[in-house]
Amino acid sequence: MAADREVIEVRSDERVETERLEPYLRERLPETRGAFSLAQFGGGHANLTYLIRFGAHEYVLRRPPLGPVAPGSHDMKREHRVLKDLWRAFPLAPQSYLLCDDHSIIGADFHVMERRHGIAIRTELPDGIDWTPELNAGVGNMIIDVLAALHKADPNQAGLGNLGRPDGFLDRQLSGWAKRWDAARDDDAPDAMRGIISFLERGLPESLHVSLLHNDFKLDNMLVAADDPGRAVAVLDWDMCTRGDPLADLGYTLAFWGEAGDDPAWIKGASMPTWNEGFPTRDDVVQRYATATGFDCTHADWYHLFGTFKIAVILQQIYIRYLRGQTQDQRFAVFGERIAGLVDKARSLAKL
């Protein structure tokens, strides 16, 4: 799932009981010879991801986060359904081998998939690589090209031609994320969010295209080759995959696409390290994507704003679990500041 430097001992409050898990997996996975071991991937903020080893053979186990989760989110059944065959149409998708909905095994739904080896690039460019402007440009263009390739993939080739409900997709997305915000907000949550939601409702565009959507597409949900970071080896985290308006993916990616002149609070709120020299600008992203897909991107600004709003809601859903003591992960303690930065960015984009 990621380079071994991202593998950690399992966090104390996220331990998995292995007494029933090991024999369950040995009976069902394609290669289970050798000693069993379990570790955890330290990245990510929501779904819990573990490294399973049987001797030298590796798998990745994914399960939802601890505590209550929003309806329709962290859906391991959906992720397994998607990844079971998506690799046939989109080779960067790892193959899922097994779904378990028997909660007596580890206490939650989970699925097990192949491991892909590569580097995860998060909020900073990792050490050990000569990040020239030329390499940065290559990485940036690769992100756009991978997104375009996903949106041009044939869902029927992967048995996903009936996934989701494309009709009315954007309207349901906006109303659904607005409800999630209301359900997850705490007393200190920014009041300005209601005005942002109203602005989005008034400007809701007509969806002109339908494709497979990742629904959480950003650089740290990809793995890139250690010897060539401009080459993707995997796209991860498919639990929200559906069919719908592909520009929703584009807008979400734009919301993470930091630029050098952005307010530091926006960068802290949510940003890929695309503010480094050489990366394409957001305008470049839209142009390259439009050329690669042939899609009409006239309303890209609305999708950018919607993506920013959606990220703020996702962080709020995580932050409220931290405030309620449902997770002890101290990385979440600063999420209030990050959410405030995103709300400020959304207000600026909407000119409110």
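The values are calculated or read from the model by the stated rules, or taken from the named source; none is laboratory data. Computed from a predicted structure; not experimentally measured. Here Cβ is always computed from backbone atoms with ideal geometry, including for glycine, and neighbour counts include all displayed protein chains.
Which residue pairs have Cβ atoms under 8 Å apart, sit 6 or more places apart or on different chains, and have a first residue in the stretch 262-289 that is buried (at least 18 other Cβ atoms within 10 Å of the Cβ) and a second that is assigned to a helix (DSSP H, G or I) and hydroxyl-bearing (S, T, Y)?
Going by the 8 Å Cβ cut-off, the qualifying pairs are A270/T308; V285/T253.
Quick test for you: out of A137, A108, pick the one residue that is out of contact with any Ser or Thr (no Cβ under 9 Å at 6 or more places or on another chain) and assigned by TED's automatic domain parsing to the domain that holds G269.
Working: A108 fails: assigned by TED's automatic domain parsing to the domain that holds G269.
Residue meeting the stated conditions: A137.
Go through the stretch 147-173 and give me each residue that's surrounded by fewer than 18 Cβ atoms within 10 Å (Cβ to Cβ) and part of a helix (DSSP H, G or I).
Once the filter is applied, which keeps residues that are surrounded by fewer than 18 Cβ atoms within 10 Å (Cβ to Cβ) and part of a helix (DSSP H, G or I), the stretch 147-173 yields A149, K152, N156, Q157, D171, R172.
Pairs, please: C-beta under 6 Å, at least 6 apart or cross-chain, first residue closer than 12 Å to L305 by Cβ and in the stretch 335-346, second polar (S, T, N, Q)?
Once the first residue is closer than 12 Å to L305 by Cβ and sits in the stretch 335-346, its partners that are polar (S, T, N, Q) give L342/T308; K345/T308; A346/T308.
Condition check: part of a loop (DSSP other than H, G, I, E, B), in the same structural domain as G203 (by TED's automatic domain parsing), surrounded by fewer than 23 Cβ atoms within 10 Å (Cβ to Cβ) and polar (S, T, N, Q). Does T327 satisfy that?
Details: part of a loop (DSSP other than H, G, I, E, B): yes; in the same structural domain as G203 (by TED's automatic domain parsing): yes; surrounded by fewer than 23 Cβ atoms within 10 Å (Cβ to Cβ): yes; polar (S, T, N, Q): yes.
Against the criterion (part of a loop (DSSP other than H, G, I, E, B), in the same structural domain as G203 (by TED's automatic domain parsing), surrounded by fewer than 23 Cβ atoms within 10 Å (Cβ to Cβ) and polar (S, T, N, Q)), T327 qualifies.
Consider the stretch 19-46. How many of its residues are in contact with a strand residue (DSSP E or B) (Cβ under 6 Å, 6 or more places away or on another chain) and hydroxyl-bearing (S, T, Y)?
Residues that pass the stated criteria total 2.
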